[in-house]
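The values are calculated or read from the model by the stated rules, or taken from the named source; none is laboratory data. Remember, predicted model here, so these are calculated numbers, not experimental data. Every residue, glycine as well, gets a Cβ built from its backbone with ideal geometry; the counts of neighbours run over all protein chains shown. In case anyone asks, the SASA skips ligands and DNA or RNA and just uses the protein heavy atoms, side chains included. Shrake-Rupley method; radii C 1.70, N 1.55, O 1.52, S 1.80 Å.
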Amino acid sequence: MTTAAIIVAAGRGLRAGGGIPKQWRPLAGLRVADWTIDRFRGQVDYIVLVLSADDGPAWAEFENTDLILASGGNNRAGSVRNGLAALAELAVDHVLIHDVARPCVGLPTIQRVLAALNAHPAAAPGLAVTDALWTGDGAIVTGTQDRSGLFAAQTPQGFHYDAIVAAHAAHPGGAADDVEVARAAGLDVAIVPGDADNIKITRPEDFARAERILGTDMDVRLGNGYDVHRFGDGDHVILCGVKVPHGRGLQGHSDADVGMHAVTDAIYGALAQGDIGQHFPPSDPQWKGAASEIFLRHAVDLAGKMGYVISNVDCTLVCEYPKIGPHAPAMRDEMARIMGLRADQVSVKATTSERLGFTGRSEGIASLATACLVKS
Ligand code: MG
């Protein structure tokens with residue numbers, strides 16, 4: 001059984017405030033879209049992210065990742081059709097269609113929808129309405145509505161792939177959601193229990209509510225790293241992956257990248273998984289002269305295997321010379337590239353020690369780093 005999820009993220013959603021589409025606004029250390037995408041990782045075989053042509057940075061960020069990208073259409077239904085088309089060659093059996101603005105969807109909800117598709121051509125989470133319902137005219141109640149048999153519709157809405165493709169092709173447009181499209185094509189849609197926490201971010205105050213929901217099962221871990229390498233002969237140093245010309249070199253078993261070593265140890269520290277020396281023993285000749293990128297990549301991969309994403313990293317280099325400032329942006333970009341992070345999640349800065357101590361006497365360079373890891 002091959003499964004896929006389509007996350008519709010092409011809307012402009014400015015009603016939620018902040019001046020940018022809500023899916024790109026920050027939420028509990030990530031962005032709304034990041035949370036939503038992560039919810040489906042490991043639950044389906046393919047994830048399609050439908051993006052607006054106006055979201056250029058997102059296109060650049062997500063190409064060459066595990067996601068399949070599709071262009072938004074003129075309206076939501078058009079975006080869904082483009083997302084379905086992006087799966088045309090992949091022999092998908094069951095597809096989930098989800099609003100990017102529902103980042104709090106729980107795994108049980110996703111699994112209930114997928115399970116229901118084994119017995120039904122379509123299934124979607126719904127919450128029975130429990131509040132009394134009124135009709136109103138401005139500020140005045142004009143009547144009471146019977147709530148029996150009413151459900152609040154949620155996503156992900158799940159379908160047999162071929163059936164929903166045909167249903168969308170036949171629909172004249174104007175449907176409220178994909179369930180309406182499916183029903184218009186004669187498909188039976190099973191209702192599975194929804195989740196009150198599966199809120200749709202619509203208004204400004206919904207961000208705080210979503211953060212409270214996500215925070216209840218969020219595991220945030222900090223780690224620190226510290227490293228020192230001694231100066232010796234040479235004509236350059238390698239700091240945070242960048243070659244910096246200097247009258248001396250740094251000594252060490254690997255490339256002696258003191259900044260990258262501190263960051264790597266900070267990640268191992270946050271995971272409570274020892275340090276570089278444990279994973280890459282200096283006694284092992286295969287690491288002689290090794291690029292420290294290997295160590296950092298290993299720590300990042302280990303974090304991913306343990307279910308953590310790196311929220312941010314901060315690294316401080318301590319030396320009198322070489323001057324770090326002119327190279328700091330390149331160092332930040334290189335570290336972000338290696339870790340698969342955005343540049344704004346990585347900080348590289350420097351200080352002197354006022355000519356005091358071993359760094360002050362230019363006997364070597366020290367580095368400190370902090371890493372913050374998040375598991376949702
Ligand atoms: Mg070291």
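A few notes on this one:
- Computed label-point distance, nm, for sites ASP219 and GLU205 using a 7 Å Cα→Cβ extension: 3.4 nm
- Extension gain, ALA119 back to ASP233 (0.36 nm per residue minus Cα-Cα distance, nm): 33.9 nm
- Solvent-accessible area of TRP24, all protein chains in place: 30 Å² (probe radius 1.4 Å, heavy atoms, ligands and nucleic acids excluded).
- Using R0 = 30 Å, the C-beta based FRET efficiency linking LYS349 and ARG212 works out to 0.35.
- Each label point was placed 7 Å from the Cα along the Cα-to-Cβ direction; for ALA53 and PHE151 their separation is 3.7 nm.
- Three-way shape label, the range 174-213, alpha-carbon gyration tensor, a/c 1.5: oblate
- Residues listed by number, the range 292-325, amide nitrogen under 16 Å from ARG361 label point at 7 Å toward C-beta: 319-321
- Inter-label distance, LEU90 to ALA166: 2.2 nm, where each label sits 7 Å from its Cα along the C-beta direction.
- Toward the positive end of the charge dipole of the chain, with +1 on the Cβ of Lys and Arg and -1 on the Cβ of Asp and Glu, the farthest Cα among GLY307, VAL189, THR359 is that of THR359.
- For THR351, solvent-accessible area (1.4 Å; no DNA, RNA or ligand), Å²: 60 Å²
- Lysine pair count for the range 220-375 [Cα-Cα under 21 Å; pairs on different chains or 8 or more apart]: 5
- Residues in the range 88-105 carry Karplus couplings, in order, of 4, 8, 9, 6, 7, 8, 10, 10, 9, 10, 9, 6, 4, 7, 10, x, 9, 4 Hz; the curve used is 6.51 cos²θ - 1.76 cosθ + 1.60 with θ = phi - 60°, and Gly or Pro positions show x.
- Principal-axis tilt of helix 293-305 within the chain, Cα atoms, nearest 10 degrees: 30 degrees
- For the chain, relative contact order (Cα pairs under 8 Å, six or more residues apart, normalised by length) works out to 14 percent.
- Calculated [θ] (222 nm, deg cm²/dmol) that DSSP helices of n ≥ 4 give over the chain, each run adding -39,500 (n - 2.57): -8500 deg cm²/dmol
- Full-stretch length increase - ASP284, LEU133 - with 0.36 nm per residue and alpha-carbon distance subtracted: 47.2 nm
- Using only side-chain charges placed at the Cβ, +1 for Lys and Arg and -1 for Asp and Glu, the dipole size of the chain relative to its Cα centre rounds to 520 debye.
- Euclidean distance of C-alpha centroids, the range 128-173 and the range 313-359, integer Å: 53 Å
- Theoretical FRET efficiency, 1/(1+(r/R0)^6), r = Cβ-Cβ of ALA176 and LYS375, R0 30 Å, to 0.05: 0.30
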